[in-house]
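Contents: one structure, followed by commentary.
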Amino acid sequence: MILVSGAASQLAQELKYLLAPEKTLFLDRFQLDISNADSVADVVRRYPVECIINCAAYTNVDAAEHDEEMAYSVNVRGPANLARTGVPLIHISTDYVFDGQMTRPYTENDIPNPLSVYGCTKLQSEQVVLENSKHVLIIRTSGLYSRYGKNFVNTITRLAQSQSSIRVVSDQIMTPTWARDLARAIVEILPKFCSFSHCKELYHFSNASPCSWYEFANAIIKLQQFSCSLIPIRLEEYKAAAIRPLYSVLDTSKIERDFAVSIPAWYHSLAQFFASP
């Protein structure tokens, strides 16, 4: 049985379409508090869990600046508890572990230097799962979106329906990722990962082709044929609580090579997203 923690998250919602329900246990934060070691141990004791996919995370980047304890509890203490079960673990991390000083895509060998509490806790999450598990695979991703919850696509869509113009950051470069593409990649990787006797690996996965948030927003507007206009602004004008990397494009060649994962371009995936049910 596969345990998916953080069942209400974007990624977990997409995994529900792809994993056999009779062989998968989806638990949200009310059913499984991963920051509680006893709760984690109880679930693993009661169910025949063969692999854990950790989709649980504190992802509110700005709120984390004022709520460090909660961010640490969910993003660090929780993954450590999952890793200590000894069950093979797939753990999701983020491009925000980097400081954005590169001018080429970040590889798994580049040294992280997070700029925010969120980024720091996610980097710590990587460290604790590697320290506490002999069978773990970490996947960093970026700009995740889906039909579920709060994300950039849903926010721009909502604003475009009620406003004549939207200010969007034009100098922060990343690669938006459809959660369904990441979910598909995880499902492809799963059998091979579970067949390993042990594993400690870090991978990057995002859709292909870098863009700015402004370019991404423009595509969202055009594909839905909204009349709303966009006003480009610099990241420093955004006035957010958390500092964000100016450039956080991920090099995905390692996961493509090791698992023969196919990665579509972000625009193609965004068009499919709007065309899909």
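The values are calculated or read from the model by the stated rules, or taken from the named source; none is laboratory data. None of the values given here were measured: they were computed from a predicted structure. Every residue, glycine among them, receives a Cβ derived from its backbone with ideal geometry; neighbour counts consider all protein chains shown. Each accessible area value is taken on the protein alone, full model and side chains, heavy atoms only, with ligands, DNA and RNA left out. Shrake-Rupley method; radii C 1.70, N 1.55, O 1.52, S 1.80 Å.
Structure above, values below:
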{"quantity": "Every residue from region 155-171 that is more than 11 Å from Phe216 (Cα to Cα) and surrounded by 14 or more Cβ atoms within 10 Å (Cβ to Cβ)", "calculated": "Thr155, Thr157, Leu159, Ala160, Ile166, Arg167, Asp171"}
{"quantity": "Residues satisfying the stated conditions in region 106-127, i.e. part of a loop (DSSP other than H, G, I, E, B) and either free of Cβ contacts under 8 Å to residues at least 40 places away in the same chain or surrounded by fewer than 19 Cβ atoms within 10 Å (Cβ to Cβ) (or both)", "calculated": "Thr107, Glu108, Asn109, Asp110, Ile111, Pro112, Asn113, Pro114, Leu115"}
{"quantity": "So Phe152, is it in contact (Cβ under 8 Å) with a residue 24 or more places away in the chain and under 22 Å from Pro105 (Cα atoms)", "calculated": "yes"}
{"quantity": "Selection within region 4-39 - buried (at least 20 other Cβ atoms within 10 Å of the Cβ), under 24 Å from Pro277 (Cα atoms) and among the small types (Gly, Ala, Ser)", "calculated": "Gly6, Ala7, Ser9, Ala12"}
{"quantity": "Given (1) within 21 Å of Val61 (Cα to Cα); (2) at pLDDT 95 or above; (3) surrounded by fewer than 21 Cβ atoms within 10 Å (Cβ to Cβ), index of the condition Arg140 fails", "calculated": "(3)"}
{"quantity": "Filtered residue count, region 43-58, keeping only those that are over 19 Å from Leu115 (Cβ atoms), open to solvent by less than 50 Å² (accessible area, probe 1.4 Å) and out of contact with any Gly (no Cβ under 8 Å at 6 or more places or on another chain)", "calculated": "6"}
{"quantity": "Filtered residues of region 22-42 (kept if more than 22 Å from the chain's Cα centre (by Cα) and closer than 29 Å to Trp178 by Cβ)", "calculated": "Glu22, Lys23"}
{"quantity": "Condition met for Val61 (β-branched (Val, Ile, Thr), modelled with pLDDT of 95 or more, assigned to a loop (DSSP other than H, G, I, E, B) and open to solvent by less than 40 Å² (accessible area, probe 1.4 Å))", "calculated": "yes"}
{"quantity": "Ala71 of a type in the set (A, V, I, L, M), assigned to a helix (DSSP H, G or I) and without any contact (Cβ under 8 Å) to a residue 60 or more places away in the chain", "calculated": "yes"}
{"quantity": "Among residues of region 83-105, those that are assigned to a loop (DSSP other than H, G, I, E, B) and in contact with an Asp or Glu (Cβ under 6 Å, 6 or more places away or on another chain), counted", "calculated": "1"}
{"quantity": "Subset of region 172-221 (residues that are part of a loop (DSSP other than H, G, I, E, B), open to solvent by 30 Å² or more (accessible area, probe 1.4 Å) and modelled with pLDDT of 95 or more)", "calculated": "Ser209, Pro210"}
{"quantity": "Any hit, region 258-275, residues being outside any loop (DSSP other than H, G, I, E, B), surrounded by 13 or more Cβ atoms within 10 Å (Cβ to Cβ) and of a type in the set (Val, Ile, Thr)", "calculated": "no"}
{"quantity": "Failed item, numbered, when Val136 is tested on (1) outside any strand (DSSP E or B); (2) among the β-branched types (Val, Ile, Thr); (3) in contact with a helix residue (DSSP H, G or I) (Cβ under 8 Å, 6 or more places away or on another chain)", "calculated": "(1)"}
{"quantity": "Unique match (being among the small types (Gly, Ala, Ser) and more than 15 Å from the chain's Cα centre (by Cα)) among Ala179, Ala160", "calculated": "Ala160"}
{"quantity": "Selected residue (criterion: farthest from Gly143 (Cα to Cα)) from residues of region 222-257 that are outside any helix (DSSP H, G or I) and among the small types (Gly, Ala, Ser)", "calculated": "Ser227"}
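To keep it simple, each residue is scored yes or no on (1) touching a Lys or Arg at 6+ places or on another chain (Cβ under 8 Å); (2) under 24 Å from Lys16 (Cα atoms); (3) without any contact (Cβ under 8 Å) to a residue 40 or more places away in the chain.
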| residue | (1), (2), (3) |
| --- | --- |
| Leu32 | no, yes, yes |
| Asn36 | no, no, no |
| Ala41 | no, yes, no |
| Asn54 | no, yes, no |
| Ala57 | yes, yes, no |
| Val61 | yes, no, no |
| Asn81 | no, yes, no |
| Ile90 | no, yes, no |
